Amino acid sequence: MDFSNIVRAQNQVRVQKGMASHLTNNHVIIADILSRLPVKTLSRFNCVCKLWYCMINSDPGFQALHHSRSWRNPRFLFRLSDFDFNPLEHLGYRYAYNFVSTDTEGKNICLMQIKVHEPVKLILPGCFGLLVFSTDTRIHVCNPSTRRILALPDYKSKIAGFGVGYLSSIRRHKIVRLIPRRPSSLHLECSVFTLAPGEEGFSWRVMNDQCPYLVDHFSLPAFANETIYWKIDRQQALNRHNDFIVSFNIRYEKFMTITHPADWIPTSNLDWRSPIRNSTQLVELRGTLCMIQTLASSHVAVWKLADHKNSMWVKICMIDTSRIHPNFVGEVQCIKDGEIIFNSASNHLLYYDVRKKTFRKKMLPHSAENLTSYCESLTSLTR
């Protein structure tokens, strides 16, 4: 990202509370240096002066530059198997989950704890610095860099699916919640929550457009190109026999369905999210939706979605995993420096060099199975 363009743009807009952007040409060098630092360090620099405080906490141009650099260096958040029950029940928290945050090589370790009132069911991959996770009836937003958590308004019905996206045109995250309208209904009511710290309004908006399918509870949604993608629960009746994905565009707030690649191989146990089984996964890689099919002790196939409207897929990679133990071949987490990184059912991360077609492993002091990826962010969750 060209920082000079950000500076010029910031001279034309107002930031929060009506304060003009402090990023002038005289401060470009300072901002350029600070944007390369981790969030933990920047939080300590808040006290240096008023200029730095405003730039770090409320200048969207600086925050965009910081994100563009942290995006190149993703981090992993590992959920440890132990958790505390009734840790702070007098404060309304009944469960405390422990996490370890590392870089993609398992270094620069930080500890983190999440406290909630119900068991955590699913944690989504990071979206522009924020993680979103769900209990049975409530969705939470977390910034793991600042360790802030925001519980969104709850709902009495059980959540059937959820997702998160980021709309760069308004610099806002949108969280999408899917709930059944009736117990036997095959359509899901869709609500959208726009995360706008400091602005009025803290509620869900119910969409007129309904989700046309039940979504797969065992798979994670993916976000790419202003669109959230879920795998369809294929146990239900399908409008088209090859329907595989339901998508929701967060700009136009409309649903679509997408068919699977023509050479995708259906098998009996593809729907289970386990590193040692066959599986099909949706993931964002380099800004594009990809479908990953893992056939245990055989290969991993990677397709990218080339045309959303016409469901056109292009196979971009076929990885031979016949010599790799299935315990090491889990779900794809990200691409870093030309390497595809997999989680696993062991305490190893698996790296595949796309150009050299070679593997390497990295041992961790904990299990690599329950992990998610994110990048550091200065995004505020303060209401």
Taking θ as phi - 60°, what are the ³J(HN,Hα) couplings along the range 124-140 by the Karplus curve (6.51, -1.76, 1.60), each to the nearest whole Hz, with x for Gly and Pro? 7, x, x, 10, 6, x, 10, 9, 10, 9, 9, 9, 5, 10, 9, 10, 10
How large is ³J(HN,Hα) for each residue in the range 355-368, as worked out from phi by the Karplus curve 6.51 cos²θ - 1.76 cosθ + 1.60 (θ = phi - 60°), to whole Hz, x for Gly and Pro? 6, 7, 6, 10, 10, 8, 10, 10, 7, 10, x, 8, 5, 9
Amide H to amide H, which residues 5 or more places from ARG138 or on other chains are under 5 Å from it, using H placed in the peptide plane? none
For ALA306, the residues 5 or more places away or on another chain with a placed amide H closer than 5 Å to its own amide H are MET312, TRP313, VAL314
Using a Förster distance of 22 Å, the FRET efficiency for ILE265-SER297 (Cβ separation, nearest 0.05): 0.95
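May I ask you to compute the full-extension gain from ASN225 to ASN108, defined as 0.36 nm times their residue separation minus their alpha-carbon distance, rounded to one decimal in nm?
39.0 nm
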Gyration tensor verdict on the range 167-235 (Cα atoms; rounded if a/c is under 1.5, prolate if a/b is larger than b/c, oblate otherwise): oblate
Taking the 0 to 90 degree range and rounding to the nearest ten, how far is the long axis of helix 60-70 tilted relative to the main principal axis of the chain, both from C-alpha atoms? 50
When only C-alpha pairs under 8 Å and at least 6 residues apart count, what is the relative contact order of the chain, in percent? 14
Length added when fully stretched, ARG360-THR194, from 0.36 nm per residue minus Cα-Cα: 55.7 nm
If I model a spin label as a point 7 Å beyond the Cα along the Cα-Cβ vector, how far apart are those points for ASP209 and LYS254 in nm? 0.6
Along the Cα→Cβ direction, 7 angstrom out, place labels at TYR53 and ASN98. What is the inter-label distance in nm? 3.6
Could you check the spin-label model distance between ASP154 and SER322? Points 7 Å from the Cα along Cα→Cβ, value in nm. 5.3
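Work out how much length LEU238 to ILE170 would gain on full extension: take 0.36 nm times their residue separation and subtract the Cα-Cα distance, in nm to one decimal.
Extra length from LEU238 to ILE170 when fully extended: 20.9 nm.
Values quoted throughout were computed directly from the atomic coordinates according to the rules given, and no laboratory measurement underlies them. Please read all numbers here as calculations on a predicted model, not as lab measurements. Here Cβ is always computed from backbone atoms with ideal geometry, including for glycine, and neighbour counts include all displayed protein chains.
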